[in-house]
Structures are given as C-alpha cells and as structure tokens.
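Participant: Okay, handing you the structure first.
The values are calculated or read from the model by the stated rules, or taken from the named source; none is laboratory data. Because the structure is predicted, anything quoted here is derived from the model rather than measured. Cβ coordinates were reconstructed from backbone atoms using ideal geometry, including for glycine residues, and neighbour counts include every protein chain displayed.
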Amino acid sequence: MFVAGDEFLNTQRGNNNPYNQDNEITWLDWARLEDNRDIFRFFKLMIAFRKSHPSIGRPTFWREDVSWHGADGPVDLGHESRRFAYSTCRFCHVHLTAQSIKQSAPLPSLVW
C-alpha cells in the first residue's frame with residue numbers, strides 16, 4: 001500500500017499515524033519530487049503494471065487461480081519467514097522478500 005508522498009520519498013519522521021497533526025510532519029514537501037524522479041518513475045511503472053495485469057489487482061481474495069510458494073518449497077507463513085512468492089495466470093510470478101541481501105529464487109513448475 002502506498003500513502004501520499006511515498007512516490008517521492010516523503011517522510012513523516014517515523015510517525016506512521018499523524019492523523020491529529022497539522023504541521024510539517026504531515027505536509028507534503030513537493031520539492032522532494034524533483035530530487036527523487038527515479039523513485040517517482042518506479043512507482044508510476046509499478047502502478048501501470050498492476051493496472052495492466054488484472055490478475056494481481058483484484059477486489060476479492062485470491063483462491064484457485066493463485067499458486068503460493070516458499071523460497072525453496074512450500075510457503076512458510078511462520079513468524080520468522082522473510083520470503084514468499086506467488087504465481088498467477090501462468091505467466092506472472094512474484095517473489096517478495098523482507099531481507100536486504102541478494103537472493104535467488106527458483107521458478108516453480110506450474111501445472112494449471
């Protein structure tokens with residue numbers, strides 16, 4: 001989920017719930033957009049990708065048409081898990097990780 005300002009690295013100084021503040025913490029610093037054009041472009045491309053692939057932007061929960069994978073086998077939904085992947089529509093495979101190290105992930109053999 002994106003919130004206002006993420007697309008140009010706007011910060012709220014670590015405050016993720018400033019609903020009751022009307023000050024510089026919640027104001028958008030539009031000058032940051034010019035300094036962060038590359039990040040802004042990335043966000044635009046990711047939004048366009050989601051819009052062009054209805055299988056990943058859907059209003060209902062993913063069921064039979066999604067295959068869930070772990071890093072090296074079945075998906076691990078435990079507390080310590082930092083990686084998982086999913087595949088949709090035979091052509092879209094997404095690998096997500098919360099680790100900052102470079103990792104490889106084998107593509108699953110999908111049977112639909």
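Participant: When the range 3-34 is examined, which residues are found to be touching a residue at least 24 places away in the same chain (Cβ under 8 Å) and either polar (S, T, N, Q) or not in a loop (DSSP other than H, G, I, E, B) (or both)?
Facilitator: Answer for the range 3-34, where residues must be touching a residue at least 24 places away in the same chain (Cβ under 8 Å) and either polar (S, T, N, Q) or not in a loop (DSSP other than H, G, I, E, B) (or both): ASP6, GLU7, PHE8, ARG32, LEU33.
Participant: Still on this structure, I have one more. Any residue at all in the range 46-54 that is in contact with a Lys or Arg (Cβ under 7 Å, 6 or more places away or on another chain), modelled with pLDDT under 85 and closer than 28 Å to LEU9 by Cβ? Steps first, please.
Facilitator: Taking the range 46-54 and keeping what is in contact with a Lys or Arg (Cβ under 7 Å, 6 or more places away or on another chain), we get none.
No, the range 46-54 contains no residue that is in contact with a Lys or Arg (Cβ under 7 Å, 6 or more places away or on another chain), modelled with pLDDT under 85 and closer than 28 Å to LEU9 by Cβ.
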